[in-house]
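A.B. asks: Please find one structure pasted underneath; my questions will follow.
The values are calculated or read from the model by the stated rules, or taken from the named source; none is laboratory data. No experiment lies behind these values; they were computed from the predicted model shown. Because the Cβ atoms are built from the backbone with ideal geometry, glycine has one as well, and the counts that use them run over all protein chains shown.
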């Protein structure tokens, strides 16, 4: 279709697509980027639809249609990709946005990718069993694939991932000799950090074969194989007791229908006296995750509302001690990842082809936009069993200098109260 | 019945009562305190039931039966009242604890004391329109009747109430000239504090006539009548716009059935760009408030679970930024109140009689026990509209020295991000 003339019907369809994305303030253009077929609106960018297939796909489902077309190079963005996606997300908050077909696809994906034990294994394999060489290209040196914690916005990624690991360890107040169960341990960075710097014994679970193999190798190199056990198994099969239950970035893959079960697993492990932390991508409201992300990047993913997460805590009388929302920290983390990814696109293209590069660019840029606009949130929830005696008096100790912390200026405990 | 001999049937009934309070580790004794009719169990204290009426009341409903009997001097506690109540609360966590009659009374109270506009007015009048002279006897000098914030457990009550007011003001980052709406303002301490120390303009709502009159007088004395407007009206009738919506200790009186409505009130007032804070007594699970407390002290009160509270935020896409659980701070606050109350019992008895003194002793002691055992929680939830641009980068600024804060070392804002 490129370079051909566009019928007024096609121009009308472009306007229809524009309406289905809430009349976002960008230009939709047919063909090779000239103004023909452009829709109205204050523009911060230009989206170019290269052919009729793209036009039809986006008519049926603007989100998946655009995602797949962008991936295949049939749709392009002229302008800042992140800013354009932010505009679209803001505009699509309108309740009338989207199409019935898109909603149907979204629900179908939720069904087809359900997180049964077998479904989870397949979903996790898809994303995390890609070669670690790929992730090494753009993650930090410790391979932490979750939101970092930036003491200041200008902190570097390496330092921010270290700070995040310390932040969660300090939140649950790890003490030497304690037993920690970690659910969903990635390539093992946090498990190793906890063992090495906090002297705890860790049993870390993950169903990604590739990640577990990587993590075991790492523990061996660090001489921590006796202190950290990496177990290739589903969180549903976690057995044994712990003082602290830690899970950073797994809940997104659990599925809301399994939260009560996860709650039972946590309670069985930590009992009434334990404590723990969940770190996860969340939402203000219960909505399904982006269907394109689920289709192409994270099958089975769900970002829960805080209401949904209460299914984990309520039945076992677990107290929520602290919720921190770090969504801007995830946007910053993703900015670092995207910048590193862009510096490695040649290698990535050699490994997986040009479509893959474009898909992952869209995923990383779209995630930045989702966190900056508040479409996604990042929650850290600290919790404690009903008989837990290790609850800090205030949160001030979290914000003391690391130097002071090193001098073992311990927080005051509730025991000091009476 | 005192001093009479007890039948074996009565002794059997005592054991039955003991079972209905989950076999709490204390002695239940009939008569004047000798061992006759005592139940088994490791004892931390002794509960003496003086007559048959008490026995029957506690058989029907151990909680309300004991509360009313204690109030009337028909039941006594030999030993530390708070510790005994803690034991009972822990024991009554067992699902089989309580009686059908007690559960029926609890539900009946919920219905009879429903927080309709007229019901709320009546409920609030009962508790808060008692003469301020009474509350002056045992609250701090500023008359703050909500959980204080103790930087350390040994901080005094005066200082801790000041620290609490600063804590919530700093959480929402008040700036001079901003508009604040406060829902449920008590005797006006926080409204006046915000105006005086943060330079904001406050419109503060309360349906207690006595408290509003007191607060207005106070603003006048402080020369703040132009900056702080005290309005005698229901939160449902709040109109006008604000930058910050603040409510400390009102949610307990709203009733879960009205949370969606409160959410609409908040959203209407602060729009998508505002921010705010709710401070309230909460729970790990959705359970009704102590029926005796509802019957005698706080009609219509409900301490919500976090799940229930999401009704306020979710429909308007309001983001939860921070949840802090301060239950031990409420226990400490209540310890101060109880100690001061005990020093004023002669005056209280002159004002309201001996039954009133005992009822309020039980309420204060029982509340301490509820917070130390985790039967109740105290949540501060900071929130922001979907377009709010004033979200701090981290929470570190909350824990800087007051001196540093005075030197206007402002927190980093998300605007600094890009």
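A.B. asks: Looking at the range A:310-328 only, could you name the residues that are in a loop (DSSP other than H, G, I, E, B) and within 7 Å of another protein chain (Cβ to nearest Cβ)?
C.D. replies: Residues of the range A:310-328 in a loop (DSSP other than H, G, I, E, B): A:317-318, A:326.
Those that are in a loop (DSSP other than H, G, I, E, B) and within 7 Å of another protein chain (Cβ to nearest Cβ): A:317, A:318.
A.B. asks: Given (1) more than 10 Å from chain B (Cβ to nearest Cβ); (2) surrounded by fewer than 18 Cβ atoms within 10 Å (Cβ to Cβ); (3) modelled with pLDDT of 95 or more, where does residue A:407 come up short, assuming only one miss?
C.D. replies: Evaluating residue A:407 over (1) more than 10 Å from chain B (Cβ to nearest Cβ); (2) surrounded by fewer than 18 Cβ atoms within 10 Å (Cβ to Cβ); (3) modelled with pLDDT of 95 or more leaves (3) as the failure.
A.B. asks: Can you find, within the range B:338-383, the residue that is farthest from the other protein chains (Cβ to nearest Cβ) among those that are assigned to a helix (DSSP H, G or I) and under 26 Å from residue A:322 (Cβ atoms)? Let's see the steps before the verdict.
C.D. replies: We begin by selecting, within the range B:338-383, every residue assigned to a helix (DSSP H, G or I); these are B:338-343, B:345-352, B:354-372.
Next, from what is left, pick out any that are under 26 Å from residue A:322 (Cβ atoms): B:367-372.
Details: B:367: 15, B:368: 10, B:369: 12, B:370: 13, B:371: 11, B:372: 8 Å.
Filtering first and then ranking leaves B:367.
A.B. asks: Give the residues of the range A:46-56 that are surrounded by fewer than 23 Cβ atoms within 10 Å (Cβ to Cβ) and within 18 Å of residue A:19 (Cβ to Cβ), sorted by residue number.
C.D. replies: Hits for the range A:46-56 are A:46, A:56.
A.B. asks: Being closer than 30 Å to residue A:381 by Cα and out of contact with any strand residue (DSSP E or B) (no Cβ under 6 Å at 6 or more places or on another chain) is the requirement here; does residue B:345 meet it?
C.D. replies: Working: closer than 30 Å to residue A:381 by Cα: no; out of contact with any strand residue (DSSP E or B) (no Cβ under 6 Å at 6 or more places or on another chain): yes.
Taking the combined requirement at face value, the residue does not satisfy it.
A.B. asks: Could you tell me whether the range B:256-272 includes any residue that is crowded, with 18+ Cβ neighbours inside 10 Å, touching a residue at least 12 places away in the same chain (Cβ under 8 Å) and on the phi > 0 side of the Ramachandran plot?
C.D. replies: No, every residue in the range B:256-272 fails to be crowded, with 18+ Cβ neighbours inside 10 Å, touching a residue at least 12 places away in the same chain (Cβ under 8 Å) and on the phi > 0 side of the Ramachandran plot.
A.B. asks: Sticking with this one: Do we have residue A:228 as more than 16 Å from residue A:144 (Cβ to Cβ), touching a helix residue (DSSP H, G or I) at 6+ places or on another chain (Cβ under 6 Å) and surrounded by 20 or more Cβ atoms within 10 Å (Cβ to Cβ) here?
C.D. replies: Values: more than 16 Å from residue A:144 (Cβ to Cβ): no; touching a helix residue (DSSP H, G or I) at 6+ places or on another chain (Cβ under 6 Å): yes; surrounded by 20 or more Cβ atoms within 10 Å (Cβ to Cβ): yes.
Taking the combined requirement at face value, the residue does not satisfy it.
A.B. asks: Going residue by residue through the range B:215-226, is there one that turns out to be in contact (Cβ under 8 Å) with a residue 60 or more places away in the chain and in the same structural domain as residue B:303 (by TED's automatic domain parsing)?
C.D. replies: Let us first name the residues in the range B:215-226 that are in contact (Cβ under 8 Å) with a residue 60 or more places away in the chain, namely none.
Scanning the range B:215-226, I find no residue that is in contact (Cβ under 8 Å) with a residue 60 or more places away in the chain and in the same structural domain as residue B:303 (by TED's automatic domain parsing), so the answer is no.
A.B. asks: Could we say that residue A:331 is in contact with a strand residue (DSSP E or B) (Cβ under 7 Å, 6 or more places away or on another chain) and within 9 Å of chain B (Cβ to nearest Cβ) here? Quick ask: steps written out before the conclusion?
C.D. replies: Working: in contact with a strand residue (DSSP E or B) (Cβ under 7 Å, 6 or more places away or on another chain): no; within 9 Å of chain B (Cβ to nearest Cβ): yes.
In short, no.
A.B. asks: Restricting to helices (runs of 4 or more DSSP H) lying wholly in the range A:120-230: which have 3 or more residues that are within 14 Å of chain B (Cβ to nearest Cβ)? Break it down into steps so the answer makes sense when it comes.
C.D. replies: Details: elements: A:132-136, A:157-172, A:189-198, A:209-221.
Fully inside the range A:120-230 and qualifying: A:157-172.
Each row is one residue, and each column tells you yes or no for (1) outside the structural domain of residue B:303 (by TED's automatic domain parsing); (2) without any contact (Cβ under 8 Å) to a residue 60 or more places away in the chain; (3) touching a strand residue (DSSP E or B) at 6+ places or on another chain (Cβ under 7 Å).
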{"site": "B:124", "(1), (2), (3)": "no, no, no"}
{"site": "B:148", "(1), (2), (3)": "no, no, no"}
{"site": "B:162", "(1), (2), (3)": "no, yes, no"}
{"site": "B:165", "(1), (2), (3)": "no, yes, no"}
{"site": "B:172", "(1), (2), (3)": "no, no, yes"}
{"site": "B:191", "(1), (2), (3)": "no, yes, yes"}
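A.B. asks: Here's a check for you: in the range B:276-308, which residue that is within 21 Å of residue B:165 (Cα to Cα) and either away from chain A (no Cβ under 12 Å) or without any contact (Cβ under 8 Å) to a residue 24 or more places away in the chain (or both) is surrounded by the fewest Cβ atoms within 10 Å (Cβ to Cβ)? Talk me through it step by step, then tell me what you get.
C.D. replies: Residues of the range B:276-308 that are within 21 Å of residue B:165 (Cα to Cα), as a first pass: B:276-282.
After this cut, where a residue has to be either away from chain A (no Cβ under 12 Å) or without any contact (Cβ under 8 Å) to a residue 24 or more places away in the chain (or both) as well, the list is B:276-281.
Working: B:276: 27, B:277: 20, B:278: 26, B:279: 27, B:280: 24, B:281: 24.
Taking the candidates together, the pick is B:277.
A.B. asks: Among the residues in the range A:309-332, are any surrounded by fewer than 17 Cβ atoms within 10 Å (Cβ to Cβ) and in contact with a helix residue (DSSP H, G or I) (Cβ under 8 Å, 6 or more places away or on another chain)?
C.D. replies: Of the residues in the range A:309-332, the ones surrounded by fewer than 17 Cβ atoms within 10 Å (Cβ to Cβ) are A:315.
Keeping just the survivors that are in contact with a helix residue (DSSP H, G or I) (Cβ under 8 Å, 6 or more places away or on another chain) gives A:315.
Looking for residues that are surrounded by fewer than 17 Cβ atoms within 10 Å (Cβ to Cβ) and in contact with a helix residue (DSSP H, G or I) (Cβ under 8 Å, 6 or more places away or on another chain), one finds at least one in the range A:309-332, hence yes.
A.B. asks: Continuing with the same structure: Yes or no: the range B:253-266 includes at least one residue that is within 14 Å of chain A (Cβ to nearest Cβ) and assigned to a loop (DSSP other than H, G, I, E, B).
C.D. replies: No, there is no match, as no residue in the range B:253-266 is within 14 Å of chain A (Cβ to nearest Cβ) and assigned to a loop (DSSP other than H, G, I, E, B).
A.B. asks: State all residues of the range B:116-174 that are at positive phi and under 18 Å from the mean Cα position of the chain (by Cα); if no residue qualifies, say none.
C.D. replies: Across the range B:116-174, the qualifying residue is only B:143.
A.B. asks: Which residues, taken from the range B:84-101, are modelled with pLDDT of 85 or more and in a helix (DSSP H, G or I)? Full working, then the answer.
C.D. replies: Taking the range B:84-101 and keeping what is modelled with pLDDT of 85 or more, we get B:84-92.
B:84, B:85, B:86, B:87, B:88, B:89, B:90, B:91 - these are the residues of the range B:84-101 that are modelled with pLDDT of 85 or more and in a helix (DSSP H, G or I).
A.B. asks: While we're looking at this one, here's another question. Taking the range B:296-309 only, how many residues are more than 23 Å from residue B:125 (Cα to Cα) and not in a helix (DSSP H, G or I)?
C.D. replies: We begin by selecting, within the range B:296-309, every residue more than 23 Å from residue B:125 (Cα to Cα); these are B:305-309.
Narrowing the set further to residues that are not in a helix (DSSP H, G or I) leaves B:305.
Looking only at that region, the number is 1.
A.B. asks: Right, next: Taking residue A:238 as the residue in question, decide whether it is in contact with a helix residue (DSSP H, G or I) (Cβ under 6 Å, 6 or more places away or on another chain), closer than 30 Å to residue A:98 by Cα and more than 13 Å from chain B (Cβ to nearest Cβ).
C.D. replies: Working: in contact with a helix residue (DSSP H, G or I) (Cβ under 6 Å, 6 or more places away or on another chain): yes; closer than 30 Å to residue A:98 by Cα: no; more than 13 Å from chain B (Cβ to nearest Cβ): yes.
When the stated conditions are applied, residue A:238 does not pass them.
A.B. asks: Which ones in the range A:29-49 are at pLDDT below 90 and under 30 Å from the mean Cα position of the chain (by Cα)?
C.D. replies: Selection gives A:43, A:44, A:45.
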